[in-house]
Amino acid sequence: MANGKKNKKKLYIFLAIGVVAIALVLVLVLGAKKENIITVQTEKVARRTITQMVNASGKIQPETMVKINAEVSGEITMLPIKEGDKVKRGELLVRIKPDQYQAQVDRAEAGLQSARASMNLQKANLEKSESEYKRAQELYEKKLLSDQEFVSAKTAFSVSKSQYESAQAGVQQAQASLRDAKESLNKTSIYSPMDGTISQLISELGERVSGSGFQQGTQIMTVADLSMMEARVDVGENDIITISIGDTARITIDAYPDKKFVGTVYEIANTAKSKGLGTQEEVTNFEVKIRVLNKDISLRPGMSMTADIETETKTNTIAVPIQSVTTRAPKAKEGEKKEDGEKQEGNQGGLSTNEKPIECVFLVENGKAKMVPVKRGINDEGYVEITTELKADGEIVSGSYKAINRDLEDESVVKVENTKAKFALGKQEEKK
């Protein structure tokens, strides 16, 4: 009896183990056959107007701005203007103490008079020696004068002539010195070169300034035409090739956050400006000047701003959300070698090592994702133009990021849930 009970107990144990094993096998088989369903959000493919923009930041500056620098050294004795004053062309801006330069003029005038007197003396000597030479020549021709006396008269005439020519050069030199002295004296009074506004006044009355004809002197002030303002922005080397003269720019100035300004690109630098040269943080930019068209608000030099430059616009073009475009590596073809040199046995899902990744989007058709290779055109902040053929009104996958960039493959089973996407879109519209 005891043996029978033990056998039954063993039988029950083996039966239980068998049932568990069968259940595990069923779970594995059924789990393997169960399809992986990927949840996505979609949006309709539509025709839109796409405007490509380049964003850049910079400063507001006058189109015409002249720095007034001292060209002679001395003390400022007259400063009849102050910062912010409007001035006319030819109006006196500053006067530097002229005493030193007036003395130079007086000295140069005296030198000129002395040079002229010397020239007149040499002229009289020349006339005398010329007369003696002609008389000696007549006597010599009549054999009434010796060779030595004739040569002496001729030499005296040549010397007098050279001395007169030297005196003439001395007069010219004295005249040049006088002109230079007068020019320096004139530079002690500085006049406005244009109609404008004193946008910056650096020096003060009584201050000493330095100037030289060989290097830039002390900056005294800046005169600017504030009626014509421009935005100067730095654009990266990758974006500069898309910008053209005449492009429209939407400008936002920090000082006027609620006011929109419009401008036109009128100048693009040909030479780059580099920062951090030779380091990992090296940046290459080109300066772009944008003429501000708004005249109803007074702008001040140095105001911070940002500009969205409209480089190109496409109307009625097929466009999809930017995040919908992703890349996938092309499948390896049958017989193509792997990286380790072995051949693929047919197309088993291996990735090709000889081709570049392709850009694509995923459309939803009959509950499955269909991978469609595409080529991109221009883009704005939210949408990108598709230049290859893509059917309008198709359902394109627009989310999630993980699904688009990692999970989805051609023929993947998908489940569309647009509730969250619509809710987010509604929030964005409310913000607008």
- Determine the pairs where a residue that is within 13 Å of LYS123 (Cα to Cα), located within the stretch 139-161, has a partner that is in a helix (DSSP H, G or I) and among the hydrophobic types (A, V, I, L, M, F, W, C) with Cβ atoms under 6 Å apart, the partner being 6 or more residues away or on another chain. SER160/LEU126; LYS161/LEU126
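When the stretch 237-251 is examined, which residues are found to be without any contact (Cβ under 8 Å) to a residue 60 or more places away in the chain and either surrounded by 12 or more Cβ atoms within 10 Å (Cβ to Cβ) or outside the structural domain of VAL262 (by TED's automatic domain parsing) (or both)? Outline the logic, then answer.
Residues of the stretch 237-251 that are without any contact (Cβ under 8 Å) to a residue 60 or more places away in the chain, as a first pass: 237-238, 240-241, 245-246, 251.
Those that are without any contact (Cβ under 8 Å) to a residue 60 or more places away in the chain and either surrounded by 12 or more Cβ atoms within 10 Å (Cβ to Cβ) or outside the structural domain of VAL262 (by TED's automatic domain parsing) (or both): GLU237, ILE240, ILE251.
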- Give me a count of the residues in the stretch 66-80 that are more than 35 Å from the chain's Cα centre (by Cα) and not in a strand (DSSP E or B). 4
- For residues in the stretch 235-264 being more than 24 Å from LYS295 (Cα to Cα) and charged (D, E, K, R), which is nearest to the chain's Cα centre (by Cα)? GLU237
- Query: For SER227, all conditions in the list (1) at pLDDT below 95; (2) loosely packed, with under 13 Cβ neighbours inside 10 Å; (3) not acidic (Asp, Glu) hold save one; what is the number of the exception?
  - Reply: (2)
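Can you tell me which residues in the stretch 50-82 are of a type in the set (Gly, Ala, Ser) and within 27 Å of ALA255 (Cα to Cα)?
ALA56, SER57, GLY58
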- Query: Tally time: how many residues in the stretch 363-399 are closer than 16 Å to ASN36 by Cα and touching a residue at least 12 places away in the same chain (Cβ under 8 Å)?
  - Reply: 5
- Query: If we keep just the residues of the stretch 257-298 that are modelled with pLDDT under 95 and hydroxyl-bearing (Ser, Thr, Tyr), which is farthest from VAL233 (Cα to Cα)?
  - Reply: THR279
- Message: So for the stretch 301-315 (the condition being outside any loop (DSSP other than H, G, I, E, B), modelled with pLDDT of 90 or more and closer than 15 Å to GLU43 by Cα), does at least one residue qualify?
- Response: no
- Query: In the stretch 89-120, what residues are among the hydrophobic types (A, V, I, L, M, F, W, C) and either assigned to a helix (DSSP H, G or I) or surrounded by 19 or more Cβ atoms within 10 Å (Cβ to Cβ) (or both)?
  - Reply: LEU93, VAL94, ILE96, ALA103, VAL105, ALA108, ALA110, LEU112, ALA115, ALA117, MET119
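The values are calculated or read from the model by the stated rules, or taken from the named source; none is laboratory data. Nothing here was measured: the structure is a model prediction, and the numbers come from that model. Note: ideal-geometry Cβ built from the backbone for every residue, glycine included; neighbour counts use all protein chains shown.
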